[in-house]
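Data first, discussion second: the structure below is written as structure tokens.
The values are calculated or read from the model by the stated rules, or taken from the named source; none is laboratory data. Note that this is a predicted model, so its numbers are computed, not measured. Cβ: placed from backbone, ideal geometry, glycine included. Neighbour counts: every protein chain shown.
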Amino acid sequence: MDQADPQNEATDLDDPQQQADEITANPNVRVPNKRLAQICANFTIQGIRGNSRASSTFAAHQRNNERLILFLYDGLLRAEISSFLGPPGSTPPRQTVIFDAFTASADTFAQFLTTVKSNDNGIKKGQQTYASYQSSMTFLFRRYRYSPLQAFDEDVRDDIDRVTRSSAQAMQAGEGNHEGTFGMETDH
């Protein structure tokens, strides 16, 4: 019968701390510190499978993968949307938006406006910027011969005013100013 090597004796797999203590206590094992001993003790199939990443890491990976997939599909999606819209100036051959659902509330359009960013990922400035999106949406409605309810149009105009006001406040507070000086403080 072979004699067991004390260095390879099995220890309690359920207690990595005990394993780490035994590793650091063993003079035949060279481990520079207790943290490394804990890592070595946990370097088992159970240990590595139990060593999952934090949920915030998974959330960051999810966001990055969404961006990557959107980037990869951007050209394909643009081509597909373009085929739905047809050539400029024509009546679109296929429906792109369920207009009744879209115009049931101006919230979706307002939410879209808040995602529009400048090249440096900051808030865009100027009423013309946001009004141009409203104009484009109106053009889309006309191409499909769709007329939203007046309440929707009024809500969109109000939201454009609100977004423009918030954008102006951001500019006054220094948004977009990357030359070293940020906006003047007006709160006293």
Original post:
Can you tell me which residues in segment 88-114 are outside any loop (DSSP other than H, G, I, E, B) and among the hydrophobic types (A, V, I, L, M, F, W, C)?
Top reply: Phe99, Ala101, Phe102, Phe109, Ala110, Phe112, Leu113
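Modelled with pLDDT under 85, under 26 Å from the mean Cα position of the chain (by Cα) and surrounded by 11 or more Cβ atoms within 10 Å (Cβ to Cβ), is that true of Ala60?
Details: modelled with pLDDT under 85: yes; under 26 Å from the mean Cα position of the chain (by Cα): yes; surrounded by 11 or more Cβ atoms within 10 Å (Cβ to Cβ): yes.
Yes.
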Original post:
Which residues, taken from segment 147-157, are surrounded by fewer than 15 Cβ atoms within 10 Å (Cβ to Cβ) and touching a residue at least 40 places away in the same chain (Cβ under 8 Å)?
Top reply: Leu149
